[in-house]
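What follows is a set of notes on a single structure, which appears directly below.
The values are calculated or read from the model by the stated rules, or taken from the named source; none is laboratory data. What you are looking at is a predicted structure, and each value in this text was computed from that prediction instead of being measured. As a convention, Cβ positions derive from the backbone with ideal geometry for all residues, glycine included, and neighbour counts pool all protein chains shown.
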There are 4 protein chains.
Amino acid sequence: MYNFQSDYLEGCAPEILEEIIKNNYKQVTGYGLDEYSNEAKTLIKKALKREDVDIHLLPGGTPCNILAISSALRPHEAVVAAKTGHIAVHETGAIEATGHKIIEIEHRDGKVDPKALIEVLEKHNDEHMVKPKMLFISNPTELGTIYNLEEIRLLKEICKRYNLYFYMDGARLANALAFKENDLKLEDIPNYLDCFYIGGTKNGALLGEALVIVNDELKQDFRHQIKQKGQMLAKGRVIGLSFKTLFENNLYLKLAKHANKIADALRYVFEALKIPFYVESPTNQIFVILDNDVIKKLQTKCEFIVWEAYDNNRSVCRFVTSWATKEEAVLEFAQDLREFLK
Amino acid sequence: MYNFQSDYLEGCAPEILEEIIKNNYKQVTGYGLDEYSNEAKTLIKKALKREDVDIHLLPGGTPCNILAISSALRPHEAVVAAKTGHIAVHETGAIEATGHKIIEIEHRDGKVDPKALIEVLEKHNDEHMVKPKMLFISNPTELGTIYNLEEIRLLKEICKRYNLYFYMDGARLANALAFKENDLKLEDIPNYLDCFYIGGTKNGALLGEALVIVNDELKQDFRHQIKQKGQMLAKGRVIGLSFKTLFENNLYLKLAKHANKIADALRYVFEALKIPFYVESPTNQIFVILDNDVIKKLQTKCEFIVWEAYDNNRSVCRFVTSWATKEEAVLEFAQDLREFLK
Amino acid sequence: MYNFQSDYLEGCAPEILEEIIKNNYKQVTGYGLDEYSNEAKTLIKKALKREDVDIHLLPGGTPCNILAISSALRPHEAVVAAKTGHIAVHETGAIEATGHKIIEIEHRDGKVDPKALIEVLEKHNDEHMVKPKMLFISNPTELGTIYNLEEIRLLKEICKRYNLYFYMDGARLANALAFKENDLKLEDIPNYLDCFYIGGTKNGALLGEALVIVNDELKQDFRHQIKQKGQMLAKGRVIGLSFKTLFENNLYLKLAKHANKIADALRYVFEALKIPFYVESPTNQIFVILDNDVIKKLQTKCEFIVWEAYDNNRSVCRFVTSWATKEEAVLEFAQDLREFLK
Amino acid sequence: MYNFQSDYLEGCAPEILEEIIKNNYKQVTGYGLDEYSNEAKTLIKKALKREDVDIHLLPGGTPCNILAISSALRPHEAVVAAKTGHIAVHETGAIEATGHKIIEIEHRDGKVDPKALIEVLEKHNDEHMVKPKMLFISNPTELGTIYNLEEIRLLKEICKRYNLYFYMDGARLANALAFKENDLKLEDIPNYLDCFYIGGTKNGALLGEALVIVNDELKQDFRHQIKQKGQMLAKGRVIGLSFKTLFENNLYLKLAKHANKIADALRYVFEALKIPFYVESPTNQIFVILDNDVIKKLQTKCEFIVWEAYDNNRSVCRFVTSWATKEEAVLEFAQDLREFLK
């Protein structure tokens, strides 16, 4: 039985595990002030080619989103996101729980539509409405698609014109960066985004993400916010060791390249078997349309997510590969699927 | 250089580390629904001798407090705590950030004073005031003292009379249970408390705590709350493996007994050198009153926390031992202190 | 210059003013516990033919919505509303500020579409999503349309099946009740709704609305909520006197009938002049589509609200009549409009 | 039966009532943008001798406090107040409901103790604690005492040194200003306070208070906040007419002088009858210590508030006079009290 449910199903990359073992008895300061976290931050800054950013290592993606948004906004200010955005759908109202409305707008394959964005910004023009103050994107999006440099540049321009902060959820950022046709480099991101996070949980870390704050306005007292929202782990060392190792010897990209490569293999399988794609995604999430009876059979052999009904007989299914997925899993899957399609 | 700053300075108990290594490549469901978490819950229920409780494994103590309190209270309801309570002082307003007032009352060595409690409950009698609906205690307290069974019984009676939920922060619960004169057994706790947590972070877990919900009224949709507050780790396996191992072969108590034993040794050192105690605590936190110039010298050799000024020349200092503290550290410390007192 | 901007532009009905004058020096208890408020509640209960409801007199519509929703929901629960719903658009995120998501769904002329409602309820089925727990409608809607008895019955059925509270914003309820083809009587409402408010501000009160809580689950400690949200006026007498008078001698309906009658006259004018309606509304709000150059001319003579662009050359405009609008205003307006259309 | 319960028991000053009557049919813009509100603001600015302040007319004192505090603070920031402060005790957790902790400190007769203030500010020095960012005072205090100019100056200096906003609840400000030995003039206040409100509800307005924002940092988008918190009355005209009239012909001070004068008469009565004062207050609130059996007898003749138990046989009682209290009430009361003391 193989599992394509998500990319956080295994423990952590072996290089990280080694570091955890090696340093287990070393006494270090708690709450993210340990030496591993400090080294991790230095390495990430180097990778970003920026010394002037603040980096906070946090336990998960929802924590990053909660903190980046709630710390930046005044009570009447809102964040704009695609209807499919993770904060809009799959965080149980975490943002609203901090008091802020999410203005949900139309998307194209999970990406914010600039025209829909401008329309909604123009409409919010008086004190009886919330004031849009931040744009949220995910990259890759929840549908596995990615933004190219020009798209990011255009959204930034809109943000500037309308005085919005620009924030990016990078839960699977590594998989975007590892895609060879991607033209948005890691070091470009701080030139456009005010704040973003580099995902670890879904790319081989034992757990954790690295939130990067670029805009000085958003930096003040951020550790107070982290503590208040219950996101300051006494055992910050775990995230520190994860990110220190991920950013040594290019491990971060190496792991994502593996996941993407396996995803490519899986894509070939679907193509070869004439399975239609729901969306064209170049990263480690694949969305295909399968007959419901095929799905049932596949589920006896394999775990994956049935995303939503497509029509009466077919459903959209999501398959995800990870830094740890083996090629054999794809081969085995291909055989099974071929069998079930007969 | 030895370090008595706190009990979360090392990685994790070797037994846990082994489990993490052994299961690293195993694919398991995320978000706390993995098999390790399930085993952990089964073992904890067994230790509690209760099948009818809900258990949630959470990444830290502040998250437990935030969730237990904010999920239970309606907007106008408040939690009562000792002035020294962790939620009142050291969580950056985490409870208030969820909308609830903490009514702070007098304490005796960190323990809630029943008389002060009743007084404040009697006073809150109209709609212009918040309605007290929960009592918060820490056991051991922030000053290392513990509640005995009779004290818990009395507080429970007050809670019943005034219709309060009774909640316990057990960040260092193991150290209370491991104290030989303690008469409050683990399995007693669900008979008195509506909700409490069993600390792991400070007793050898890689990270995490086990929140136990006893009262049925507090159970509904709790996982929605966890997700909303950003406390549902995709990598729930890490906490699952920690608690599964802690509750196998009595490891949980074994680790705490070690910490307490070393603390006893440290207490003897202070007694022998005629250093006055700030409070009489039987667990792994020791509070003593030291001359400020001695403190300065000690700080060249040893890390510990200067808690607060005692008078113009002396300060209260906190020394904490852990599951990993070695006896040699105490011996070395004794020599240094003796030297500095000369 | 006449003004059709809204129905709260004048002071109050003369009958209310008389009461205010008459009782000015009488000393009464504050905070809504005065004798006028008590009388008002008695009269409203009589009109509702229900003794078992709780009534709270509040200063405005947004306060009613904030209180009814935030008092009823637990942190992870959400309210469902039409995209055009007042809480979704025109209350500056007041509901989100209390921590709750508004799930916005499609509407038909401002009314909740039952199919869209069921779809969204079916989708919200796990702990990564908010839990829908209340349905919000406005009656009349923000577009002046009204729900008939059968529509209310159907929505109630859906609420029951999915375990939702059913709440109605009745800012202009009088205008629905005063419409002769309306088949939903005031005394029917408590049979279907768990909570609703009877608007006063827009129907001749000096200020205020009467929130009616039908469902016992929503009644407890409601005055605590009112105080906490800053909605307990020391001078509750003002709202008390307004509602006491409105519910004597059928004044409440009489005022609304006047507003509707004048609105009918205005509708005839638009029809006669072949101005297309944006929506068919039977109450005191009229939405028509006017050429932008006609609008500019009209604005020199008359105040009204330009609702939104209809196309490049035309806009939707809203005209509202009130208990105090005079027939002459309509005649004068008719002459002006005819002139400008030439 | 005469009533000394509070100063909001009557309707409004006759001058205001006349204005309400006179303008009843005039159509004016809603939401506080009416011409009366504008005139009121102009008059208040004139009285303050400041053109550069923002003024918002709000329905009550708790709304002013909620808005001034929640709009100014970031999530981790707290407000410091005396333990007896209205926000700390009698607003049902309204401030905490917006997410902010109130740090409660010792007081002297209701006034913030500068030493206690400095102590608490010094202690809040790391990210595990909230960050004090605003000082709240009431003037007169909840015990009827007032701050003199030098006390205000000193608190301002502390606020400056520790980077706090300085905010004043002026529910009964008129009664402080009307006290002849008071040396803090209305026009002094903006030189020291960043934000404060001038109470109307308790000084003859039909309802409402005037919030004055002095510090530019606190001004932005304040009307968004008002709307979000449900404090933007469609019928803003009522508050506008009240304040316009209060600030014409010095009515504001005239009404307060009357209340103070009657309070002085009442104080003489207590002095003459050798009733001890609980606190020495120079304004329209009087706190005396009465035997419990005398209280019972008095309650048959007169309404007042039994504040708290003083000892087993005596209680602190509060008597308040208003702009409308007649001298005869005092005379009658004096006779009754003398009788009951026999």
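Observations
- The residues of the range D:107-141 that are assigned to a loop (DSSP other than H, G, I, E, B) and either within 14 Å of chain C (Cβ to nearest Cβ) or among the hydrophobic types (A, V, I, L, M, F, W, C) (or both), listed by number, are D:M129, D:V130.
- Of the residues making up the range B:190-217, those that are of a type outside the set (D, E), within 24 Å of B:L164 (Cβ to Cβ) and over 14 Å from the mean Cα position of the chain (by Cα) are B:P190, B:N191, B:Y192, B:L193, B:I213, B:V214, B:N215.
- Test: residue in the range B:280-297 that is exposed (fewer than 15 other Cβ atoms within 10 Å of the Cβ), closer than 20 Å to A:Q27 by Cβ and over 24 Å from the mean Cα position of the chain (by Cα): no
- Selection from the range C:11-30 of residues that are within 25 Å of D:G30 (Cβ to Cβ), surrounded by fewer than 23 Cβ atoms within 10 Å (Cβ to Cβ) and not β-branched (V, I, T): C:P14, C:E15, C:L17, C:E18, C:E19, C:N24
- Checked against (1) surrounded by fewer than 18 Cβ atoms within 10 Å (Cβ to Cβ); (2) touching a residue at least 40 places away in the same chain (Cβ under 8 Å); (3) within 11 Å of chain D (Cβ to nearest Cβ), C:Y8 passes all but a single condition, namely (1).
- Residue check: D:K326 meets all listed conditions (1) farther than 19 Å from D:G208 by Cα; (2) within 23 Å of the chain's Cα centre (by Cα); (3) surrounded by 15 or more Cβ atoms within 10 Å (Cβ to Cβ) but one, namely (3).
- Residue ID - nearest to the other protein chains (Cβ to nearest Cβ), chosen from residues in the range B:142-165 that are hydrophobic (A, V, I, L, M, F, W, C), in a helix (DSSP H, G or I) and farther than 23 Å from B:T283 by Cβ: B:C159
- Set A:K185, A:K180, A:K156, A:K160: member being touching a strand residue (DSSP E or B) at 6+ places or on another chain (Cβ under 7 Å), of a type in the set (K, R) and surrounded by fewer than 23 Cβ atoms within 10 Å (Cβ to Cβ): A:K156
- All positions within the range D:86-95 that are buried (at least 24 other Cβ atoms within 10 Å of the Cβ), in contact with a strand residue (DSSP E or B) (Cβ under 7 Å, 6 or more places away or on another chain) and either within 7 Å of chain C (Cβ to nearest Cβ) or without any contact (Cβ under 8 Å) to a residue 60 or more places away in the chain (or both): D:G93, D:I95
- Taking the numbered list (1) under 20 Å from C:K326 (Cα atoms); (2) modelled with pLDDT of 95 or more in turn, C:K297 passes all entries but (1).
- Inter-residue pairs, beta-carbon under 6 Å, first in the same structural domain as A:R153 (by TED's automatic domain parsing) and closer than 29 Å to A:L186 by Cα and in the range A:113-141, second in a loop (DSSP other than H, G, I, E, B) and among the charged types (D, E, K, R), 6+ apart: A:D113/A:E106; A:A116/A:E106; A:P140/A:R172
- Being at pLDDT 95 or above, among the charged types (D, E, K, R) and either in a helix (DSSP H, G or I) or buried (at least 23 other Cβ atoms within 10 Å of the Cβ) (or both) is not true of C:E104.
- Qualifying residue in the range B:215-229 (condition: crowded, with 24+ Cβ neighbours inside 10 Å and hydrophobic (A, V, I, L, M, F, W, C)): yes
- Qualifying residue in the range B:50-70 (condition: in a strand (DSSP E or B), under 29 Å from A:T92 (Cα atoms), under 21 Å from the mean Cα position of the chain (by Cα) and within 11 Å of chain A (Cβ to nearest Cβ)): yes
- Taken over the range A:250-308, residues that are assigned to a helix (DSSP H, G or I) and polar (S, T, N, Q) amount to 2.
- Residues located in the range A:228-257, provided they are without any contact (Cβ under 8 Å) to a residue 40 or more places away in the chain and within 14 Å of chain D (Cβ to nearest Cβ): A:Q228, A:G230
- When restricted to residues that are in contact (Cβ under 8 Å) with a residue 40 or more places away in the chain and over 24 Å from A:D7 (Cβ atoms), the range A:289-327 contains 1.
- Among (1) surrounded by 21 or more Cβ atoms within 10 Å (Cβ to Cβ); (2) within 30 Å of B:Y25 (Cα to Cα), the one test that B:K254 misses: (1)
- Extreme residue, farthest from the other protein chains (Cβ to nearest Cβ), among residues of the range C:32-49 that are buried (at least 19 other Cβ atoms within 10 Å of the Cβ) and closer than 25 Å to D:F4 by Cα: C:S37
- Of the residues making up the range C:108-117, not a single one is more than 17 Å from the chain's Cα centre (by Cα), crowded, with 21+ Cβ neighbours inside 10 Å and more than 21 Å from C:I146 (Cα to Cα).
- Whichever residue in the range B:71-85 is over 20 Å from C:R74 (Cα atoms) and surrounded by fewer than 24 Cβ atoms within 10 Å (Cβ to Cβ) and, among such residues, is farthest from the other protein chains (Cβ to nearest Cβ): B:T84
- The range C:1-21 - residue that is within 25 Å of the chain's Cα centre (by Cα) and part of a helix (DSSP H, G or I) and, of those, nearest to B:H128 (Cα to Cα): C:I20
- Consider the range C:22-49 and keep the residues that are hydroxyl-bearing (S, T, Y) and assigned to a helix (DSSP H, G or I). The one that is nearest to C:F247 (Cα to Cα) is C:T42.
- Filter result for C:W323 (among the hydrophobic types (A, V, I, L, M, F, W, C) and either in the same structural domain as C:A205 (by TED's automatic domain parsing) or in a loop (DSSP other than H, G, I, E, B) (or both)): yes
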